[in-house]
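The block underneath contains the structure these notes are about, expressed in structure tokens.
The values are calculated or read from the model by the stated rules, or taken from the named source; none is laboratory data. Just so it is clear, the model here is predicted, and its values are computed rather than measured. Reconstructed Cβ throughout: ideal geometry from the backbone, glycine too, with neighbour counts over all protein chains shown.
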Amino acid sequence: MTTEITTYNPYKGDTLKTYTLDTKDVLNNKLELADSAQKDWKVLKISKRIKLLQNLANEMDKKKAELSELMTKEMGKPILESKAEIEKCTLLIDFYIVNSDQFLQDDIIETEAHESFISYDPLGCILAVMPWNYPFWQVFRFAIPTLTAGNVGLLKHASNVTGCAIAIENLFIDAGFPKGCFQTLVTDHDGIETIIKNDIVKAVSLTGSEKAGRKIAELAGKNLKPSLLELGGNNACIVLKDADLEKHMDTMVKARMQNSGQSCIAAKRFIVVEEIYDEFIKQFKSKVEDLNYGNPTDETTTMSCLAREDLAQILEEQVNKSIDLGAKVLMGHQRDGAYYHPTLLTNVSAEMPVFKEETFGPVAAIIKVKDEDEAYNCASQSRFGLGTMVFTSNYEAASKRISEIEDGAFFINEMVKSDPRLPFGGTKISGYGRELSKEGMLAFVNKKTIYINK
């Protein structure tokens, strides 16, 4: 039976640190501490919670360099992207500092009663199961609105970013949050099942794979607990014949290659109308060739290794299977350990893994279509539903086709991205529920009906 977690630097391959898994007694103590902390936390004035958010933002600013370095060492993210991730977390905190009081105000409803309204009460202790690809952002977009609404949080992070998980807990402690308000659980998947069954845990949030989502949804449902799932995606990027390639090509390349392609909302299928196809290929390939691969701690690096070697192996296998089915390699398709060279594939069809599955790395599947109607139809041929982006000079025409796309997001002339001000989530096998904005703050509250007569 495994009793330890060891983290590794995916770029260098060396061992970073070994952590001892929490025993059953330790996990039970953390659950009891969370339950105890929530009793006081839920009645704390919102103004005091917001003050602690400001402290947290200050702590993140102060420790940005060391947190970024830790992130880069554990999962290989280029250091400039790691710093940007910490900064984005701070912007998220700032958003809820400004808006939380308004979001949580009672909602007055006019009825025959003397007074009737909806109050937003915290559910209690919420478990978050989070992935490694954005080890701070994914956690903070759960934790900040959830805790500010009066809940307490338990974090089960991906094992390869255990150092980040512990650092996040320490940030909350150093900011002055009450003991037990936010805790990291150093445990495995077997431990998670026991935790979800515990009556102290009132709901579960997961960001991860379809497989993990189905398991968590099953466990939560079996125990009659709400769940929020943000799962994978194979987002389409539609490039119409009137798209301004010169203006938007950097955005389209970033939409696929950011974070070395390890993003659920990355553009994975590029669906290009034939009139503009050759020029798109020329410009896209040139931009990808300009990416600078190297040590992720170097600030000139724009492309680095994947977070683990087995992830690069999985990606390589998906590409090999697609080639067997007729895909053509325009560039790339070499693997060196955990590094998978940026790869462009053409002649892609719907039965190939690179079309129908999530490819979690720097692989762009490029599909030529005859016209706009075929482009939208092709984009919709997916079991996933996280987001679609369209590049066109006629944004008004694109706006009229919004209802044709069933995804959780539809971006015109911009890459799909998460923004604290806007709700974020998917449809179909990309999950359900919404994070961020007001919807994220109300994800784990009891919308209580209050009816008062004299």
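When every residue of segment 320-340 is checked against the conditions, none turns out to be among the β-branched types (Val, Ile, Thr) and surrounded by 21 or more Cβ atoms within 10 Å (Cβ to Cβ). Restricting attention to segment 250-262, the residues that are closer than 21 Å to Cys378 by Cα and either in the same structural domain as Pro135 (by TED's automatic domain parsing) or out of contact with any Pro (no Cβ under 9 Å at 6 or more places or on another chain) (or both) add up to 3.
Within segment 285-306, the presence of at least one residue that is assigned to a loop (DSSP other than H, G, I, E, B) and of a type in the set (Gly, Ala, Ser) is confirmed. For segment 110-126, check the following and say yes or no: at least one residue is in contact with a strand residue (DSSP E or B) (Cβ under 6 Å, 6 or more places away or on another chain), touching a residue at least 60 places away in the same chain (Cβ under 8 Å) and crowded, with 24+ Cβ neighbours inside 10 Å. Yes: segment 110-126 contains one or more residues that are in contact with a strand residue (DSSP E or B) (Cβ under 6 Å, 6 or more places away or on another chain), touching a residue at least 60 places away in the same chain (Cβ under 8 Å) and crowded, with 24+ Cβ neighbours inside 10 Å.
Condition test on Asn223, is it free of Cβ contacts under 8 Å to residues at least 60 places away in the same chain and within 30 Å of Glu32 (Cα to Cα)? So Asn223 fits the description; yes. For segment 75-109, a residue qualifies if it is surrounded by 15 or more Cβ atoms within 10 Å (Cβ to Cβ) and among the β-branched types (Val, Ile, Thr), and the qualifying residues are Ile79, Ile86, Thr90, Ile93, Ile97. Of all residues in segment 411-426, those satisfying the criterion of being part of a loop (DSSP other than H, G, I, E, B) and over 20 Å from Lys400 (Cα atoms) are Lys417, Ser418, Asp419, Pro420, Arg421, Leu422, Pro423, Gly425, Gly426. When you scan segment 143-157, do you find a residue that is charged (D, E, K, R) and crowded, with 20+ Cβ neighbours inside 10 Å, even just one? Checking segment 143-157: at least one residue is charged (D, E, K, R) and crowded, with 20+ Cβ neighbours inside 10 Å.
Within the option set Thr359, Thr343, being under 18 Å from the mean Cα position of the chain (by Cα) and buried (at least 20 other Cβ atoms within 10 Å of the Cβ) holds for one residue only, Thr359.
Could you please find all residues in segment 6-23 being in contact (Cβ under 8 Å) with a residue 24 or more places away in the chain and either surrounded by 14 or more Cβ atoms within 10 Å (Cβ to Cβ) or basic (Lys, Arg) (or both)?
Selection gives Thr7, Tyr8, Asn9, Pro10, Tyr11, Leu16, Lys17, Tyr19, Leu21, Asp22.
Within segment 347-401, the set of residues being among the polar types (S, T, N, Q), without any contact (Cβ under 8 Å) to a residue 40 or more places away in the chain and not in a loop (DSSP other than H, G, I, E, B) comprises Asn377, Ser399.
The set of residues in segment 24-58 being surrounded by 13 or more Cβ atoms within 10 Å (Cβ to Cβ) and among the basic types (Lys, Arg) consists of Lys30, Lys42, Arg49, Lys51. With the requirement that a residue be out of contact with any Leu (no Cβ under 6 Å at 6 or more places or on another chain), more than 23 Å from Leu231 (Cα to Cα) and not hydrophobic (A, V, I, L, M, F, W, C), what does segment 373-395 give you? Those that are out of contact with any Leu (no Cβ under 6 Å at 6 or more places or on another chain), more than 23 Å from Leu231 (Cα to Cα) and not hydrophobic (A, V, I, L, M, F, W, C): Asp373, Glu374, Ser393, Asn394, Tyr395.
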